[in-house]
Amino acid sequence: MKCLVFIKQIPDPDIPPTQFRVDTRTNTVAPPQGSSPAVSLLDELAVEAALRLKDALGGEVTAVSLCNDPVMNVIKKPLAMGADSLILLQDPAFEGGDAFTTARVLAAAVKKIGSYDLILCGRQAGDWDNGQVGSYVAESLGIPCITIVGKLEAVSGKIRAERTVGDTVETVEAPMPALVTAGNEVGRARYPKLRDIMAAGRKQPTIWSAKDLGLDPSTVGAKGALTKVRRLYVEEKAGQCEVLKGETPAEAGENLALKLRELKII
Amino acid sequence: MANGAGVLIVGEVAGRELAGITGELLGVGRKLANARGEELLAVFLGSGIGATAAGAFAQGADKVYVVDNSLLASYQPESYAAAMERVCAELTPGILLMGATYMGRDLAPKLACRLKTGLATDCVALNIDPQTRGMLATRAAYGAKAMAEVDCGTVRPAMASVKTKSQEPLEPDSSRRGAVVPIAVQLNAALAKTQVVNRVTVEVKGIRLEDARIVVGGGRGLGSIANWKSLEALAADLKGAVGSTRGACDEGYCEMATQLGITAKSIAPELYIAVGISGASQHMGGVSFSKHIVCINKDAESPVFKLSQYGVVGKWEDVLPAFHRKVKELLAG
């Protein structure tokens, strides 16, 4: 079983809202001093799902990332978790793209890789939260796509995935090769062991440029994008919380109940 | 499709009624259509849905179309995408909207890729740029810590999916009527590459989270399954439901189906009571359309206070029992 997993390096998702700033000139995040980027959590869950398949069936897992400014110990996390190899797609031409151009680059990388059974990625990345790239890649490659999955099983050439739709859990089947996008339902991603982090540090990623992928630079990055972010901003929260007091925390709790009655909510 | 005109919404039905999102799409769609001086069109895909679809007229649609086909009886990605491709070729809309629902989240990117057009997902506001007459979408990004205004581009139809419970439906006007127009689409069963082989409906105790007027939310801070039961007891007395954070689910305190957040369920109850929840944007993004938010948290600096109308600073173990007792007393009185 050969799995490809798309991962994305994003600004630290745990930057507290109070310290979250954007650069309004470039419409990008200005992370606070000392914060380190991270692999988008749902992509980590995609890696986890791929590794579970590898644990059960053997095979290999390759992580693929479009990333022009990788922080090596971050982007190598899938290797530390147990992936076999890492391919980085880097080119100045990729700058300023959108979900559509990102998918174009990733699909080209998949074609260059050639053989695979399953592609996995997070249902959406924790920066733009678009939730588009997986579907776009599957469409471009002409393979089936199952979005927002939890548990996975590979059975006689088919991938079988659980999806939660409201109060119903659907089991969906598709012939491989296929693409699935991982949801929270995957559960928790494994923590890399120190030994594996060290080993990952010694592995070198493969790096491919637009030219390596046979991509016309005018079809990717800002030039190929269909949408454009006009403005990125932090909304001023009302911040008018009335903190209810009391002699004791218990009394404050009672006062909260009384307040809700006063407002006729309960 | 460079010169599309008209705003087309993809409606959804729930049983024999229009789904809530359909009213919202018609509400925001009407506003966009008026701003562009164009018609508001609605299309429904399904089987035997014509009579239900006609309800879209009263909620603001100028024209209503159905693609009625037994292969569309329930959502199937490839069949629905093929049907919508045909619908777009026939109606050449300038703008295409659908809900960021279980269907829309799957269908919108698939269709956008086929139409090679720009898509903004999970939008909370949509407007027409007076200069370009293109669609501008406002949506949350970075785990709801930031908002982005996205230009949906010049390819037609410009597409957006709309976050549920983010838009106001119009007051229904029963004098608005019309004939539902069928659109014929050639489909065959072989189109379907993905297949649902099993469906298990999880028995929901009490009120569904999405329907609850009051939701009690808990986080990892609850500390144990036994403690979690105190939230369930409070929710039961309030005739409400319990929601959770990712952390609480990861700890196994509750079912994954109770998780609230931008990558989990979104709710808009009358009241959300956040207990031991710090207020991570990822979670709060799923409850931000609640009418009232109150919180109980030991750390006065927690972001949850920024998003709450009323709060109590204290350990939930100290505050919640008294709050619950008082609630019971008030409800009984």
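We did not get these values from a lab; they are worked out from the coordinates using the rules stated. Please read all numbers here as calculations on a predicted model, not as lab measurements. When we count neighbours, we look across all protein chains shown, and the Cβ atoms used for this are built from the backbone with ideal geometry, even at glycine.
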Inset, instruction - Please pull out the direction-averaged projected area of segment B:192-330, using the convex hull of its alpha-carbon atoms, in nm² to one decimal place. - result: 9.3
Inset, instruction - Can you figure out the FRET efficiency of B:Val204 with B:Lys116, using R₀ = 45 Å and their beta-carbon distance, to the nearest 0.05? - result: 0.65
Inset, instruction - Take peptides B:267-279, B:116-128 and line them up by average Cβ neighbours within 10 Å, highest first, as a rough protection proxy. - result: B:267-279, B:116-128
Legend entry - Cα-Cα pairs of segment A:2-224 separated by more than 34 Å (percent): 11
Inset, instruction - Mind pulling up the Rg/Rh value for segment B:1-77? Radius of gyration and Kirkwood radius, both on Cα. - result: 0.99
Legend entry - Lysine pairs within segment A:46-205, Cα separation less than 19 Å, 8 or more sequence positions apart or different chains: 10
Legend entry - Cβ-based net charge around B:Asp122, under 9 Å, with every Lys or Arg adding one and every Asp or Glu removing one: +2
Legend entry - Cα centre as origin, Lys/Arg/Asp/Glu Cβ charges: segment A:2-224 dipole, Debye: 560
Legend entry - Average beta carbon contacts from partner chains per residue of A:167-178, 10 Å cutoff: 5
Legend entry - Number of partner chain Cβ atoms within 10 Å, mean per residue of A:223-231: 6
Legend entry - Under 13 Å, Cβ to Cβ, from A:Leu89 - net charge with Lys/Arg +1 and Asp/Glu -1: +1
Legend entry - From the C-alpha gyration tensor of segment A:1-83, square roots of 5λ in Å: 30, 12, 10
Legend entry - Rounded to 5, percent antiparallel among DSSP beta bridges of the protein assembly as shown: 35
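Within a 10 angstrom radius of each residue's Cβ in A:136-148, how many Cβ atoms of other chains show up on average? Whole number is fine.
4
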Inset, instruction - Calculate one ³J(HN,Hα) per residue across segment B:74-88 by plugging θ = phi - 60° into the Karplus curve 6.51 cos²θ - 1.76 cosθ + 1.60, and present them in order as whole Hz with x for glycine and proline. - result: 10, 4, 9, x, 5, 5, 5, 5, 5, 5, 5, 4, 5, 4, 5
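Just how large is the dipole of segment A:51-106 about the Cα centre, in debye to the nearest 20, putting +1 at every Lys and Arg Cβ and -1 at every Asp and Glu Cβ? Working shown, then result.
Working: 5 positive and 7 negative charges, 45 e Å.
Value, rounded to 20: 220 debye.
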Legend entry - Environment charge at B:Ala300 (Cβ cut-off 14 Å; Lys +1, Arg +1, Asp -1, Glu -1): +1
Legend entry - the protein assembly as shown - mean residue ellipticity at 222 nm from DSSP helices (-39,500 (n - 2.57) per run, n ≥ 4, rounded to 500): -8500 deg cm²/dmol
Inset, instruction - Can you tell me what the convex hull of the Cα atoms of segment A:83-125 projects to on average, as an area in nm²? - result: 3.8
Inset, instruction - Place the peptides B:129-135, A:204-210 in order of packing, highest mean first, counting for every residue the other Cβ atoms within 10 Å and averaging per peptide. - result: A:204-210, B:129-135
Legend entry - Computed log₁₀ I(q)/I(0) - Debye formula, equal Cα scatterers, no solvent, the protein assembly as shown, q 0.05, 0.06, 0.11 Å⁻¹: -0.21, -0.31, -1.09
Inset, instruction - For a footprinting-style exposure proxy, rank A:Ser156, A:Ser135 by other Cβ within 10 Å, fewest first. - result: A:Ser156, A:Ser135
Inset, instruction - Just report the Cα centroid separation between segment A:66-100 and segment A:138-183, whole Å. - result: 24
Inset, instruction - Quick one: of A:Lys259/B:Lys306; B:Lys31/B:Lys63; B:Lys205/B:Lys291; A:Lys259/B:Lys328; B:Lys163/B:Lys291; B:Lys163/B:Lys229, which pairs are farther than 21 Å apart, Cα to Cα? - result: B:Lys205/B:Lys291; B:Lys163/B:Lys229
Inset, instruction - Once you have a ≥ b ≥ c as the square roots of the Cα gyration tensor eigenvalues for chain B, tell me rounded if a/c is under 1.5, and otherwise prolate or oblate according to whether a/b is larger than b/c. - result: prolate
Inset, instruction - Could you tell me which of rounded, prolate or oblate describes segment A:132-222, using a ≥ b ≥ c as the square roots of the eigenvalues of the alpha-carbon gyration tensor, with rounded for a/c under 1.5 and, failing that, prolate when a/b is larger than b/c and oblate otherwise? - result: oblate
Legend entry - Electrostatic dipole magnitude of chain B [Cβ: Lys, Arg +1; Asp, Glu -1; Cα centre; debye, to 20]: 120
Legend entry - Extended-chain gain in nm, criterion 0.36 nm per residue less alpha-carbon gap, A:Lys193 and A:Leu263: 19.9 nm
